[in-house]
Amino acid sequence: MNILEIEKLHATVGGKEILKGLDLCVGPGEVHAIMGPNGSGKSTLAQVLAGRDDYEVTSGSIRFKGADLVELAPEERACAGLFLAFQYPIEIPGVNNTYLLKAALNAQRKSRGETEVDAFEFMRLIKDKMKVMQISEEFLHRSVNEGFSGGEKKRNEVLQMLLLEPQLAVLDETDSGLDVDALKVVAAGVNSLRDPKRSMILVTHYERLLELIEPDFVHVLAGGKIVKSGDRSLARELDARGYDWITQQAAAV
Amino acid sequence: MSTAQITEQFDDLGAELPGSAELDAVRRTALARFSELGLPGRRVETWRYTELSSLADKDFSYVAPVPDSATLERASSLIAALGLMDDRPLSVFIDGHWIQSLSKSQPDSAITIETATPDFSVAATESALASLNTAFAAHSTAIRVSGTASAPLELVFIGTGRRLAPQFRLKIELAAGAKATVIQRFLDLSGSGESWLNQVADIEQGENSELTLYRLQSHQAEQYQTTLNRAALAAGAKLSAGSVELGGALVRNEFDIRLQGQKAHAHVFGMCLTGGHQHSDMQIVIDHQAPYTTSRQDHRAIVADSSHCVFNGKVIVQKDAQHIDARQRSDNLLLSAKAEVDTKPELEIYADQVVCSHGATVGELSEDQLFYLRARGIDAELARGILTTAFANSILDRFELEDFREHVRTAVHTRLPGRIES
């Protein structure tokens, strides 16, 4: 069974239609890259999947593990195993990182009928993951994303993902604003989570991330729908030729 | 009750108040001043958002009787529930009366506390409520600090309701170089009906003295309280005043601080958490009268239901007071569409070498932050609780005395909507 099935999805933001009949199927263990020019609807797709209030699905359907995703609140989607790594992680002064991570983990465990972890067990779980993400313990005591550099914010997103072990991870431009070294750390984190049962959607603008995290499929999103799909060679072609030839092709159809 | 009726009450009961003929004359002068001014309300600029005239309709008794033994017993269990530290001196006041049997002193040569017949005088500019206080306050409690106090002093004020309007007078004097922490807790016996505690505290700090003055106000829902803290700081003196307002129907806490000597410093911080139809008003005036004086004001309000919070922070910099640094912040969180906040910074600056800043925000919880937490699996109610708690913590973290800070934190957290376990 597919983890995610999106059919003829139309969605609006502030009354403006951004997604215009998008179709996408993601099977277990698959990594899909979604590329496309600015304004094509990539981030809208990510926000719609996570359940942001002001993004409205007007028609079409999204099924996650066979169930209707649109009906679920954001926290229910997260507890069902969907994770969004934010393009712009939100700063929350006064709430420390440990508190957020532990509250999130326990909320999800509780929803699965598992026992909550205590402080000791939590530290045991997070330690190795911090090593992968090259995050120091001092980082855990800081307020969520407050005063973090761009790279630290993105590493923090991936750290959360490693801890929560989602079944479907949507990474929204997790590579943007990263230098080569930070990109390698982020990619190592993501790759450590690759698993035959876990699927990923990488929303990205650049091909360089896909050199480090190899996708099984590459899709081009333009004008609110997927206009071309292929394997990773498509990403290389896009890198070399840009998007114009595809958008023109799509417009001609 | 009109001011005329209050005057009548003084004529009837005034004889019960202790003191000489001279003191009686002072009380009568104060009463005349009160009658002239009346209960403050919206027609007075500094009372623009808080109206006390409704108190005129309540037939409060301004001379409170001495509590009976049943009251003492109930008060005793209320105090036990506070979990106060054993090693601290404690003074308990019920309806304004000092209760020796519930208080305890610790051998500490640096600090004395004494309740005595007052030695009032009345300034021509005395406010209505301070005048009322002078007229009816039976005693004056004086705390004198001459060295470094070995432990914080706990003052617990318990109200018994019963339509009493105790007038409580406090004096805190720190000699040069003295250091002390004074904690004031306000609470009531439950189910006791309305009351109004009107408190005046005069604080005098000698050179280089340091006073930490904390306040936790957790009155029952029907209570009124007005407090005027008047402080004068000599050179190098430091005052750190932190308050948390949780209860009461209508509460007003005023600070009138004069920085009279060079390098004197005042930090006034606080928060109020209101719900229902509560009204909480914080008024701060910091008067920089000497050069190189500094001040900080930090206030936060969490306003739920149909409640109303008022903050007015005023900084005055006198003509010859150069090199002043004065900062003020007021941040307000509205948890309901019917909640109301009035926040106003006021600057009166007559010197030119001055750094003054002020900032105020009034807003709701951030949708972006809520969504971020929910996208991690945290349900909406808990997410709101986490964000509200974080808003409160930035003030609570400023209380340096750990046991008091954590006590206040628990008191605040249990009252927050969508409370969280830490």
B:PHE269 neighbourhood, Cβ < 14 Å, K/R = +1, D/E = -1, net charge +3
If the viscosity is 0.692 mPa s and the temperature 37 °C, what translational diffusion coefficient in µm²/s does Stokes-Einstein give for chain A when Rh comes from Kirkwood over Cα pairs? 175
Partner aspartates and glutamates for A:LYS129 [C-alpha distance under 20 Å; skip if fewer than 8 residues away on the same chain]: A:GLU116, A:ASP118, A:GLU121, A:GLU137, A:GLU138, A:GLU152, A:GLU157, A:GLU165, A:ASP175, A:ASP181, A:ASP195
Expressed in µm² per second, the diffusion coefficient of segment B:198-341 from the Stokes-Einstein equation, with Rh the Kirkwood radius over alpha carbon pairs, at 37 °C and 0.692 mPa s, is 212
Which pairs in the list A:LYS65/A:LYS184; A:LYS110/A:LYS197; B:LYS263/B:LYS314 are over 25 Å apart, alpha-carbon to alpha-carbon? A:LYS65/A:LYS184
Hey, any idea what % of segment B:177-302's accessible area is carbon plus sulfur with a 1.4 Å probe? 45
Counting only DSSP loop positions in segment A:43-147, the trypsin sites (Lys or Arg not before Pro) whose Cβ has at most 13 other Cβ atoms within 10 Å are A:ARG112
Reachable lysines from A:LYS225, Cα under 17 Å, same-chain residues fewer than 8 places away excluded? A:LYS8, A:LYS16, A:LYS20, A:LYS42
Chains B and A: what accessible area do they bury, summed, in square angstrom to the nearest 100, with a 1.4 Å probe? 2000
Each label point is 7 Å from the Cα along the Cα-to-Cβ direction; what then is the distance between the points at A:SER61 and B:GLU348, in nm? 7.2
1.4 Å probe accessible area per residue over chain A, in Å²: 44
Extreme residue, positive dipole direction of chain B, given options B:GLY206, B:ILE158, B:ALA360 (C-beta unit charges): B:ALA360
If you take the charge dipole of segment B:1-99 about its Cα centre, with +1 on Lys and Arg Cβ and -1 on Asp and Glu Cβ, which of B:ALA32, B:TRP98, B:PHE60 is farthest toward its positive end? B:ALA32
Positive dipole terminus of segment B:285-422, leading residue within B:LEU347, B:ILE316, B:ASN332 (C-beta point charges): B:ASN332
About its Cα centre, what dipole magnitude does the protein assembly as shown give when the only charges are +1 on Lys and Arg Cβ and -1 on Asp and Glu Cβ, stated in debye to the nearest 20? 940
Once segment A:163-253 is represented by equal point scatterers at the alpha-carbon sites, with solvent omitted, what log10 I(q)/I(0) does the Debye formula produce at q = 0.23 Å⁻¹? -1.25
Would you mind getting me the FRET efficiency between B:GLU45 and B:LYS319? Use the beta-carbon distance for r and R0 = 25 Å, nearest 0.05. 0.65
When the convex hull of the Cα atoms of segment A:29-155 is projected onto a plane and the area is averaged over all directions, what value comes out in nm²? 10.0
Distance from segment A:116-162 to segment B:3-69 (C-alpha centre basis), Å: 60
Stokes-Einstein D (µm²/s) once Rh is taken as the Kirkwood radius of segment B:261-412 over alpha-carbon pairs, at 37 °C in 0.692 mPa s: 194
With just the Cα atoms of segment B:164-225, tell me how far they stretch along each of the three principal axes, in Å, largest first. 44, 18, 12
Rank B:LEU13, B:LEU187 by accessible area, highest first, at a 1.4 Å probe radius? B:LEU13, B:LEU187
Distance between segment B:228-283 and segment B:152-190 - C-alpha centres, whole angstrom: 14
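Between B:SER121 and A:LYS127, what FRET efficiency comes out of the Förster formula 1/(1 + (r/R0)^6) with R0 = 51 Å and r the beta carbon distance, rounded to 0.05?
For R0 = 51 Å, the calculated efficiency reads 0.15.
Per the Cauchy relation, a quarter of the hull surface: what is the mean projected area of the convex hull of the alpha carbons in segment A:1-88, in nm²?
5.7
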In whole Hz, with x marking every Gly and Pro, tabulate ³J(HN,Hα) for segment B:294-311 from phi via Karplus 6.51 cos²θ - 1.76 cosθ + 1.60, θ = phi - 60°. 9, 8, 9, 10, 10, 9, 10, 10, 10, 10, 10, 6, 9, 7, 9, 10, 10, 10
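Placing +1 at every Lys and Arg Cβ and -1 at every Asp and Glu Cβ, with all other atoms neutral, what dipole size does segment B:337-422 have around its Cα centre, in debye to the nearest 20?
Details: 10 positive and 16 negative charges, 78 e Å.
So the magnitude is around 380 debye.
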Relative contact order for chain B using alpha-carbon pairs under 8 Å, separation at least 6, rounded to a whole percent? 9
What residues does segment A:96-112 have that are buried by at least 40 Å² of accessible area in the full protein assembly compared to the chain on its own, 1.4 angstrom probe? A:TYR99, A:LEU100
Over segment B:6-150, what is the mean sequence separation of C-alpha contacts under 8 Å (at least six apart), divided by residue count, expressed as relative contact order in percent? 33
Within straight cross-link reach of B:LYS58, meaning Cα distance under 30 Å, which lysines are found once same-chain residues fewer than 8 apart are removed? B:LYS171, B:LYS338
Taking just the alpha-carbon atoms of segment B:1-159, what radius of gyration and Dmax come out, in angstrom? 18.1, 49
Mind grabbing the base-10 log of I(q)/I(0) for the protein assembly as shown at q = 0.06, 0.07, 0.08, 0.11 Å⁻¹? Debye formula, identical points on the C-alpha positions, no solvent, two decimal places. -0.47, -0.60, -0.73, -1.05
Of the accessible area of segment A:79-155, with the probe set at 1.4 angstrom, what percent is carbon plus sulfur? 52
Quick check for me: using +1 on Lys/Arg Cβ and -1 on Asp/Glu Cβ, what's the dipole size of chain A about its Cα centre, in debye to the nearest 20? 240
Mean projection of the alpha-carbon convex hull of segment B:126-270 over all orientations, in nm²? 8.2
Over the Cα atoms of segment B:315-388, compute the convex hull volume and normalise it per residue, giving Å³. 101
Compute for segment B:29-79: radius of gyration divided by Kirkwood radius, i.e. Rg/Rh, restricted to C-alpha atoms, rounded to two decimals. 1.19
For chain B, the longest site-free run once trypsin sites (Lys or Arg not before Pro) in DSSP loop states with at most 10 other Cβ atoms within 10 Å are removed: B:44-318
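Give me the Kirkwood hydrodynamic radius of chain B, using the inverse of the mean 1/r over all pairs of distinct Cα atoms, in Å to one decimal.
Computed over Cα pairs of chain B, the Kirkwood hydrodynamic radius comes out at 22.2 Å.
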What is segment B:1-52's relative contact order, in percent, from Cα pairs under 8 angstrom and six or more apart in sequence? 31
Could you please state, rounded to a whole Å, how far the C-alpha centre of segment B:117-151 is from the C-alpha centre of segment B:73-91? 25
Over segment B:244-336, average the accessible area per residue using a 1.4 Å probe and give it in Å², no decimals. 28
Accessible area (Å², 1.4 Å probe, nearest 10) - B:PHE120: 30
So how much accessible area does A:GLU207 have, in Å² to the nearest 10, using a 1.4 Å probe? 20
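The values are calculated or read from the model by the stated rules, or taken from the named source; none is laboratory data. Note that the coordinates shown come from a computational prediction; the quantities given were computed from them, not determined experimentally. Cβ: placed from backbone, ideal geometry, glycine included. Neighbour counts: every protein chain shown. Remember, those area values only see protein heavy atoms, side chains included, never the ligands or the DNA or RNA. Shrake-Rupley method; radii C 1.70, N 1.55, O 1.52, S 1.80 Å.
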